[in-house]
Amino acid sequence: MSSIEQLESMVADLLAEAKKLGASAADAAVSSSAGLSVTVRLGEVETIEHTRDQGLSISVYFGKRKGSANTTDLKPAALREAVSKACTIARYTSEDACAGLADPELLARDYPELDLHHPWDIDTDQAHDLALEAEQAARDYDERISNSEGATLNTQSGSFIYGNSNGFVGGYPTSCHTLSCVVLAQDGDCMQRDYWYDSRRDWRELLSPEAIGRKAAANAVAKLNGRKLGTRQAPVIFRADIASHLLRSLTGALRGHAQYRQSSFLLDSLGQQIFPDWVKVTEDPHIPRGLSSAPFDNEGVATNPKAIIDQGVIQTYLLDSYSACKLGLQTTGNAGGVRNLAITTGDLSLEQMLREMGSGLLVTELMGQGVNAVTGDYSRGAAGFWVENGEIQYPVEEITIAGNLKDMYRQLLAVGNDTDIPGSVHTGSWWVEQMTVAGE
């Protein structure tokens, strides 16, 4: 794996070569990573993978004409060839008034140390033992755990550098470690599959293998002997790990590219109230060891914490330099996406929310891609549990839940405090006042 210094040198060489070939501006990103992945299935090693990845991307500008090239070969000759190809492409593309680098005034010059690099000196035997412990905990959880798709320990460490011809060069090392388990439960002719996992920058913060295995098994067993429901209108609670998808639909609709292409159900919505006034949605790219933390975005623009929704009102779109130009606005430092998304949470646990709801549907699984990004219409295959008198009565399957995201956001009654889900989205379960539940 290449060092930070080596990657910085490559970026400098790329930018110098672009200038030599006549480009008026250029930017480049280079990355290198190495990792280990070990999967155990039914007590035996199934796969061992040692990975080593590297790659670079270069974009050059001849005035307002842009060309880009990518390669995984980091040899000097390959770097020069990539720059040459990008320049050739740029000379033949049409001019685009918004093509160009980010505003130099917005680039990250001083930024915080985010503690993103915690390499794990683990060998294949140790990785095997941890994966085996997770799978065995799942298989021992209940006699109805009949089979396994395996438990996997994955660890990766890498570095990347971004630089541009406006004088910016920055980068940092990162790490990510994940332990997952997938099992099948069976009762008679009924069979169900489920999983659980955890992912962290620092391997010492991972959930224990036993906890991951038991959670995977509990999820699978709970789904056995599901029933169908008749079509009805009902309140719906989306379990926290499922509710995160609703937040991603929100940020997708607020992306600058969706706005200027007029492909968003929240088109021209800046300043509009779309949630109840107690809702606040934030982005915080500076959380130490956060899975999406970054001191600057993919264009070198400084990232900063911000409110996306405040008192239920849309405060900002999520822009890179190009989409900002298209909309006549300024980039928000979101080239490459949203980093560490969070929503206001309340005091209620999931169990308390179920009691408050009384009767309705708890959704624990979604299937299909039934979200219309232009209209907000929402129709997804689902599974979960039917709730009566505030208690889970039985699992349900082969149902569809339908509504419109605007209505679902407006009808958000509560967000639970059950935020202990893996990933970079911080949310509890969502309680939506009413949706269509379609079944038999």
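Report, ordered by the first and then the second residue, all pairs with beta carbons closer than 9 Å, sequence separation of six or more or different chains, a first member in segment 43-59 that is under 13 Å from Asp129 (Cα atoms), and a second member that is open to solvent by 50 Å² or more (accessible area, probe 1.4 Å) and charged (D, E, K, R).
Gly43/Arg139
Does segment 245-265 contain any residue that is open to solvent by less than 30 Å² (accessible area, probe 1.4 Å), assigned to a helix (DSSP H, G or I), within 30 Å of Glu440 (Cβ to Cβ) and not polar (S, T, N, Q)?
Yes, segment 245-265 has at least one match.
Among the candidates Leu413, Leu348, Leu329, single out the residue that is open to solvent by 30 Å² or more (accessible area, probe 1.4 Å), part of a loop (DSSP other than H, G, I, E, B) and within 20 Å of Val432 (Cβ to Cβ).
On the way: Leu413 fails: part of a loop (DSSP other than H, G, I, E, B); Leu329 fails: within 20 Å of Val432 (Cβ to Cβ).
Among Leu413, Leu348, Leu329, only Leu348 is open to solvent by 30 Å² or more (accessible area, probe 1.4 Å), part of a loop (DSSP other than H, G, I, E, B) and within 20 Å of Val432 (Cβ to Cβ).
Out of (1) more than 28 Å from Leu179 (Cα to Cα); (2) over 18 Å from the mean Cα position of the chain (by Cα); (3) touching a residue at least 60 places away in the same chain (Cβ under 8 Å), the odd one out for Leu270 is which?
Just one mismatch for Leu270, condition (3).
Any residue at all in segment 230-237 that's part of a loop (DSSP other than H, G, I, E, B), under 24 Å from Gly358 (Cα atoms) and in contact with a Lys or Arg (Cβ under 9 Å, 6 or more places away or on another chain)?
Start the filter on segment 230-237 by keeping residues that are part of a loop (DSSP other than H, G, I, E, B), which leaves 230-231.
Subsequent filtering for residues that are under 24 Å from Gly358 (Cα atoms) retains 230-231.
Next, only the ones that are in contact with a Lys or Arg (Cβ under 9 Å, 6 or more places away or on another chain) stay: none.
No, segment 230-237 contains no residue that is part of a loop (DSSP other than H, G, I, E, B), under 24 Å from Gly358 (Cα atoms) and in contact with a Lys or Arg (Cβ under 9 Å, 6 or more places away or on another chain).
Provide a single number: the residues in segment 104-150 that are within 25 Å of Leu224 (Cβ to Cβ), open to solvent by less than 80 Å² (accessible area, probe 1.4 Å) and among the hydroxyl-bearing types (Ser, Thr, Tyr).
2
Take segment 37-72 and flag every residue that is in contact with a helix residue (DSSP H, G or I) (Cβ under 6 Å, 6 or more places away or on another chain), open to solvent by less than 20 Å² (accessible area, probe 1.4 Å) and aliphatic (A, V, I, L, M).
Those that are in contact with a helix residue (DSSP H, G or I) (Cβ under 6 Å, 6 or more places away or on another chain), open to solvent by less than 20 Å² (accessible area, probe 1.4 Å) and aliphatic (A, V, I, L, M): Val38, Val40, Ile58, Val60, Ala69.
Among the numbered conditions (1) in contact with a strand residue (DSSP E or B) (Cβ under 7 Å, 6 or more places away or on another chain); (2) more than 21 Å from Asp407 (Cβ to Cβ); (3) hydroxyl-bearing (Ser, Thr, Tyr); (4) surrounded by fewer than 22 Cβ atoms within 10 Å (Cβ to Cβ), tell me where Thr303 comes up short.
Result: Thr303 fails condition (4) only.
Just to be sure I understand the filter: pairs with C-beta atoms under 7 Å, separated by 6 or more residues or on different chains, first member in segment 364-388 and within 17 Å of Trp431 (Cβ to Cβ), second member in a strand (DSSP E or B) and charged (D, E, K, R). Which pairs pass?
Taking only residues 6 or more apart or on different chains, the pairs are Leu366/Arg380; Ala382/Glu365; Gly384/Glu365.
Of all residues in segment 367-382, which are within 19 Å of Thr231 (Cβ to Cβ) and surrounded by fewer than 20 Cβ atoms within 10 Å (Cβ to Cβ)?
Within segment 367-382, the subset within 19 Å of Thr231 (Cβ to Cβ) is 367-368, 370, 377-382.
Scanning segment 367-382 gives Met367, Gly368, Gly370, Asp377, Ser379, Arg380, Gly381.
Quick grid of which residues meet (1) of a type in the set (Phe, Trp, Tyr); (2) part of a strand (DSSP E or B); (3) on the phi < 0 side of the Ramachandran plot; (4) touching a strand residue (DSSP E or B) at 6+ places or on another chain (Cβ under 9 Å):
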site: Glu356; (1), (2), (3), (4): no, no, yes, yes
site: Leu361; (1), (2), (3), (4): no, yes, yes, yes
site: Pro395; (1), (2), (3), (4): no, yes, yes, yes
site: Asp407; (1), (2), (3), (4): no, no, yes, yes
site: Asn417; (1), (2), (3), (4): no, no, yes, no
site: Gly428; (1), (2), (3), (4): no, no, yes, yes
site: Trp431; (1), (2), (3), (4): yes, yes, yes, yes
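Out of Ser165, Ser175, report the one residue that is in contact with a Leu (Cβ under 8 Å, 6 or more places away or on another chain) and open to solvent by less than 20 Å² (accessible area, probe 1.4 Å). Even if it seems obvious, please write down each step before you answer.
Values: Ser165 fails: open to solvent by less than 20 Å² (accessible area, probe 1.4 Å).
That would be Ser175, the only listed residue that is in contact with a Leu (Cβ under 8 Å, 6 or more places away or on another chain) and open to solvent by less than 20 Å² (accessible area, probe 1.4 Å).
The values are calculated or read from the model by the stated rules, or taken from the named source; none is laboratory data. Owing to the predicted nature of the structure, the values given are computational and were not obtained by experimental measurement. We place every Cβ from the backbone using ideal geometry, glycine too, and count neighbours over all the protein chains shown. Just the protein is used for accessible areas: all its heavy atoms, side chains included, with ligands, DNA and RNA removed. Shrake-Rupley method; radii C 1.70, N 1.55, O 1.52, S 1.80 Å.
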